[in-house]
Structure formats: C-alpha cells, structure tokens
1. Please compute the contact order of the chain in relative form: average sequence separation of alpha-carbon pairs under 8 Å and at least six residues apart, divided by the residue count, as a percent.
2. First select every other residue whose beta carbon is under 10 angstrom from the beta carbon of LEU111; then total the charges, Lys and Arg +1, Asp and Glu -1.
3. Stretch THR25-SER56 to full length: gain in nm at 0.36 nm per residue minus the Cα-Cα span?
4. Under 14 Å from the Cβ of THR37, count the other residues' Cβ atoms, weight Lys and Arg +1, Asp and Glu -1, and hand me the total.
5. Once you list every other residue whose beta carbon is under 12 Å from the beta carbon of GLN232, what net charge do they have if Lys and Arg are +1 and Asp and Glu are -1?
6. Quickly rank 82-90, 190-198, 94-102, 47-55 as a protection proxy: mean count of other C-beta atoms within 10 Å, highest first.
7. I need the helices of the chain that pass two filters: whole DSSP H segments spanning 15 Å or more by Cα along the axis, and mean Kyte-Doolittle score no lower than 1.0.
8. For ILE60, list long-range residues whose amide hydrogen, built 1.01 Å from N in the peptide plane, is under 5 Å from its own amide hydrogen.
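Just so you know, all these numbers are worked out from the coordinates, no wet-lab data involved. This one's a predicted model, so the numbers in the text were calculated from it and none came from an experiment. We place every Cβ from the backbone using ideal geometry, glycine too, and count neighbours over all the protein chains shown.
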Amino acid sequence: MSIKMHVPGLLALLLLLGTTSARATCHDTVVLVHGNTGSPADFQNTYDLLRQRGWSDAQIVAPAWGNALCAACNDHNGSEETPVRNAISSAIASSCSGHIDVIGHSMGVTLAMREIDKLDVSAKVDVFIGIAGAVHGLWSCGMYPFNVAASTCGYYGLSVHSPFLLGIAGHRFGTHMYSMKSWVDEINCYASCIVDGVHTSTIAGEDYSFDYPYGHYQLLWYTATDQVNLLQ
C-alpha cells in the first residue's frame with residue numbers, strides 16, 4: 001500500500017524538520033582563550049571534541065593574543081586585550097542563542113575575565129571555565145608593589161594583590177563559573193598554591209572547583225571531555 005501526502009502537508013513537514021534540525025544544532029558560541037605565549041592550537045583537544053559534539057567551526061572562536069616570544073612582556077592591558085575583546089564581542093553578536101561560553105587557560109583566564117568585565121557582558125556568558133588561572137596571583141611574581149620588574153607581574157599583571165587582580169576580585173564572569181586546578185601545578189604552585197587562604201586558581205562565587213593530578217599544561221590538554229561536558 002502506498003501512502004500519498006498532499007504537497008502542502010509535505011512542505012509543512014519539511015519546514016518542521018528544517019526548524020527542528022536548526023534548533024538541534026544551535027549551540028552557544030565558545031570562546032577559547034590561550035595562555036601567555038601560547039596559541040589557539042593549545043586547545044586542539046577541546047576543539048576536536050566540540051566538533052565531534054556538534055559545534056560548527058563558526059561556533060568556536062579562538063583568538064591569538066600577546067607576544068609569543070616574550071612572556072614577561074605580556075599583561076592585561078593594551079594590545080593583549082584587543083583580540084580577546086573583539087572575539088567575545090563578535091561571538092555574542094553571531095551566537096544563535098545570543099549567549100556564549102568562555103574557556104580560558106592560564107593567563108587567558110584572567111584576560112578573559114578582564115574583557116568580560118570591561119564589556120559588561122557577564123549576563124551573556126552562560127558558562128565560564130578557568131583552567132589553571134592565577135586568579136589570585138602568582139608568588140613567583142612577588143607581592144605588589146614589591147613585585148618582579150616585568151609587565152606580566154606589574155600593575156596590570158599577576159603579582160599578588162596587583163591593582164588589576166584586586167579590580168576584578170569577586171566579580172561575576174558568567175551565569176555558571178568553574179575552575180580546574182592542580183596542587184602540583186608547576187607554575188601556579190611555585191612556592192605555594194595558596195594565596196589569601198585559597199588556591200590561586202579558584203574563582204570567587206564559582207559553582208564548583210575541580211582538582212586534577214596534572215601539571216599546568218596537562219590541565220588543559222587532558223580535561224577536554226570535562227570541559228565540554230560542562231557546556232552541555
């Protein structure tokens with residue numbers, strides 16, 4: 001027995017399927033912010049998994065920022081800001097949901113915080129994930145104003161109690177905020193992981209903080225599944 005369908009009914013069904021398909025593939029655009037002297041390629045595992053889970057290339061934004069040859073030259077003010085600020089702004093404008101998710105690694109965590117704060121778009125960020133960020137500063141940079149004489153550790157840098165870090169302390173950077181940290185992080189735990197009584201990678205007001213037995217870069221490379229799961 002053959003089944004006949006009127007043309008108007010067929011068109012309606014096709015339109016419904018098209019709408020359902022479009023809705024199914026709508027994800028928050030994800031902004032991936034690498035660390036000091038890093039590159040977007042640092043997020044390769046995360047990118048690959050996002051693509052496998054249905055994100056399109058257009059829904060993944062990974063700006064390159066900073067001087068890749070001079071770690072001590074980079075801070076959170078000026079030319080380092082522009083690529084990240086532009087990426088966040090364009091991601092919000094192009095996102096099919098009107099919202100974005102942001103994942104930062106190392107200094108990319110605090111740089112993303114800076115731009116979300118300056119743009120006043122925390123309400124547009126559904127999920128913020130900080131991986132191995134020095135949110136409370138680095139003891140290797142010293143304590144401001146008796147800090148190491150380098151931009152990365154200065155006024156707009158990662159010295160403990162720097163004016164920059166104090167300026168974003170306690171702010172919100174998304175509806176949901178998570179940190180991924182390690183107690184054997186060779187960069188964040190130089191001398192001590194603890195700053196003002198908390199692990200330097202924790203984010204005030206966060207939903208949850210995840211502990212891993214990994215080094216500073218492995219925290220990014222080996223946690224892609226957990227990162228993407230938090231976006232679902």
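1. Numbers: 464 pairs, mean separation 43.6, N = 232.
That works out to 19 percent.
2. Numbers: positive: ARG85, ARG114; negative: ASP75, GLU80, GLU81, GLU115.
Here the charged neighbours net out to -2.
3. Between THR25 and SER56, full extension yields an extra 10.3 nm.
4. Details: positive: none; negative: ASP42, ASP75, GLU80.
Result for the neighbourhood of THR37: -3.
5. Values: positive: ARG53; negative: ASP28, ASP101, ASP126, ASP226.
Here the charged neighbours net out to -3.
6. Working: 82-90: 18.4, 190-198: 12.6, 94-102: 20.4, 47-55: 15.1.
The packing order, highest mean first, is 94-102, 82-90, 47-55, 190-198.
7. On the way: long enough: 7-24 (25 Å, 1.51); 81-94 (20 Å, 0.17); 107-119 (18 Å, 0.42).
Helices meeting the span and hydropathy rule in the chain are 7-24.
8. Here the answer is VAL30, since their amide H atoms fall under 5 Å of that of ILE60.
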